[in-house]
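Please read through the structure below; I'll follow up with questions.
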Amino acid sequence: MKDGGELVKYLSLAISVLVGLTPIVVAFHQHSWNLQSLITPIYSPPRVDYSIEIKEAVISERERVVQLTFELSNLGDVGFSVRELRGKAVLAGEITTPIELTQAIDLPPATRGTMTIKLPLDESAVLKLVPFIMTKERITVEITSSLNVHVLSSMVTVPFRTSLTIESSKLHTTDRP
Amino acid sequence: MNLLHILTINRRLNIVALASSLLLLYVALSEDPWWVVTGGSEESPTFVVKISPFIFDMSILEKEVLILIIPYLNLAAKLTLLLTSLMMLVGSFMVKKRWSRYLVSTRGATFPIVFLVGLFLGSFVASSYIGFSIPIVGEFTVNFTIPYGEGLITVITPSKASLTGMFWIAVAVGLSSLLGKLIHNRSLR
């Protein structure tokens, strides 16, 4: 050990090992030497939930469209926005129409908004539908679709199927008093 | 006067090792990540992973993911690099002492290498759990489905992984510590 080389060598090695290992030993000691608890990820996912409720149904013979207005509530912890709706609706069990979302809806957590869906009708559909409204007390609407929802910056496609029964008296017409 | 004498001021001070020790100190104390993975946009990411040997920050849907041992490993890495930096600092002033060769080490260079190897291994292991592979650098799409009633919920998240500027600074510092060690060994002959 001419110039203390060996001493420096082993001392620096010992300190390095001590410095590197001490936090790990402390970790094990603080968690009762339970490796499983130390390496298992801990994660509580936020709640992602919503509710949807029909508010209004309107038919416009002139524009040949049925407009359904829903109240959409964000019951979760993460905001989302509904961007698109793809699918079809069946009115009164026999009139099939495409469906479209009138506009995108942004819903921060614990908020509610209005989602309006348009069901465009061709002339033959209008001709079938009007007698139904006149003669039946209720009219059924079956929607089979998928919602394109943005959750943060992920695009989520959610199946959206709903079956509504609208009383004919509540199915307002915009063209007649 | 040759280059070795210039770089050690006539065997009084190893300038490269000194610079390297100060840069190691900066790297060890920096809170900047070396590798970042962002799912979705940077303004409102669906998930974010920010990693360096000294920090670990992971969140999914704005909720943090914790792994209890990670802060201790980060602390061990930080203390090890701080010690390396301190030893290099002392060693750089002791060019004439033969024992100083034990103080001027190449440990600074091993950090980026071990980190990169760890990323490859971690990404490989993670892919077997999550069902898709995460590149070290590049864009990828996280695509998975969850059964929901009679249908499926499909989630698509365009994502991006990148090594940050701090990683490349650490690589440069590692190379400078290799050079400092080389100069030190030469000047001791």
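For B:GLU62 and A:GLU167, what is the calculated FRET efficiency with R₀ set at 45 Å and r taken between the beta-carbons, to the nearest 0.05?
0.60
Angle, helix A:5-30 long axis vs. longest principal axis of chain A, Cα atoms, 0 to 90°, nearest 10?
Once rounded, one gets 40 degrees.
Using the crude model of +1 on Lys and Arg Cβ and -1 on Asp and Glu Cβ, and no other charge, please compute the dipole size for the protein assembly as shown relative to its Cα centre, in debye to 20.
Charge dipole of the protein assembly as shown: 2600 debye, to the nearest 20.
If R₀ is 25 angstrom, what is the calculated FRET efficiency for the pair B:ARG12 and A:LYS9, using the beta carbon separation as r and rounding to 0.05?
Values: r = 23 Å, r/R0 = 0.92.
Once the sixth-power term is evaluated, E becomes 0.60.
In addition: Give the average, rounded to an integer, of partner chain Cβ atoms located within 10 angstrom of each Cβ in A:40-46.
Numbers: counts 4, 7, 5, 9, 4, 4, 4.
If you average over the peptide's residues, the count of other-chain Cβ atoms is 5.
Please report the relative contact order for segment A:1-135, taking Cα pairs under 8 Å with a sequence separation of at least 6, and give it as a percent rounded to a whole number.
That works out to 19 percent.
Find how much the distance from A:SER32 to A:ARG62 grows on full extension, using 0.36 nm per residue of separation minus their present alpha carbon separation; answer in nm with one decimal. Walk me through the numbers on the way to the answer.
Numbers: separation 30, 0.36 × 30 = 10.80 nm, distance 7.49 nm.
Taking 0.36 nm per residue and subtracting the Cα distance, the gain is 3.3 nm.
Label points 7 Å out from Cα along the Cβ direction at A:ASP122 and A:ASP49: separation in nm?
Distance between label points: 4.3 nm.
What does the net charge come to around B:LEU24 if you take all other residues with beta carbon closer than 14 Å to its beta carbon, with K and R at +1 and D and E at -1? Could you put the intermediate results ahead of the total?
Details: positive: B:LYS78, B:ARG107, B:LYS181; negative: none.
Value of the local net charge: +3.
Place a point 7 Å from the Cα of B:SER123 along the Cα-to-Cβ direction; which residues of segment B:28-59 have their backbone N under 11 Å from it?
It comes to B:36-37, nothing else.
Further, regarding this structure: Return the ratio Rg/(2.2 N^0.38 Å) for segment B:102-184, where Rg is computed over Cα atoms only.
Taking the Cα Rg and dividing by 2.2 N^0.38 Å, one obtains 1.66.
Using a Förster distance of 25 angstrom, determine the FRET efficiency expected from the C-beta separation of A:SER73 and A:ALA104, and round it to 0.05.
Calculated value: 0.90.
Sticking with this one: Tell me the Rg and the Dmax, in Å, that the Cα atoms of the protein assembly as shown produce.
32.5, 112
Given a 1.4 angstrom probe, I'd like the percentage of the accessible area of segment B:1-149 that is carbon and sulfur, rounded to a whole number. Walk me through the intermediate numbers first.
Numbers: 5360 of 7910 Å².
Carbon and sulfur atoms account for 68 percent of the accessible area of segment B:1-149.
In addition: Is chain B rounded, prolate or oblate when judged by the Cα gyration tensor, a ≥ b ≥ c being the square roots of its eigenvalues, rounded requiring a/c under 1.5 and prolate requiring a/b larger than b/c?
Here chain B falls in the prolate category.
Counting heavy atoms of the protein chains only and a 1.4 Å probe, report the per residue accessible area for segment A:50-173 as a whole number of Å². Numbers along the way, then the final one.
Numbers: 6220 Å² over 124 residues.
Counting only protein heavy atoms, the per-residue value for segment A:50-173 is 50 Å².
Would you mind giving the mean number of other chain beta-carbons within 10 Å of the Cβ of each residue in A:14-22, as a whole number? The partial results should precede the final answer.
Numbers: counts 0, 4, 7, 1, 2, 9, 7, 2, 4.
Average neighbour count from other chains, rounded to a whole number: 4.
Just counting partner chain Cβ atoms within 10 Å, what average do the residues of peptide B:45-58 show around their Cβ?
Rounded to a whole number, the mean comes out at 1.
Same structure again: Tell me the label-point distance for the pair B:GLU150, B:ASN2, using the 7 Å Cα-to-Cβ offset, in nm and rounded to one decimal.
Taking the two extended label points, one gets 8.5 nm.
Follow-up question, since we're still on this one. Counting only chymotrypsin sites (Phe, Trp or Tyr not before Pro) that sit in a DSSP loop (anything but H, G, I, E, B) with at most 14 other Cβ atoms within 10 Å, what is the longest stretch of chain A containing none of them?
Of all site-free stretches, the longest is A:44-177.
The values are calculated or read from the model by the stated rules, or taken from the named source; none is laboratory data. In this text the structure is predicted, and so the values were computed from the model without any measurement. Note: ideal-geometry Cβ built from the backbone for every residue, glycine included; neighbour counts use all protein chains shown. Only protein heavy atoms, including side chains, enter the accessible area calculation; ligands, DNA and RNA are left aside. Shrake-Rupley method; radii C 1.70, N 1.55, O 1.52, S 1.80 Å.
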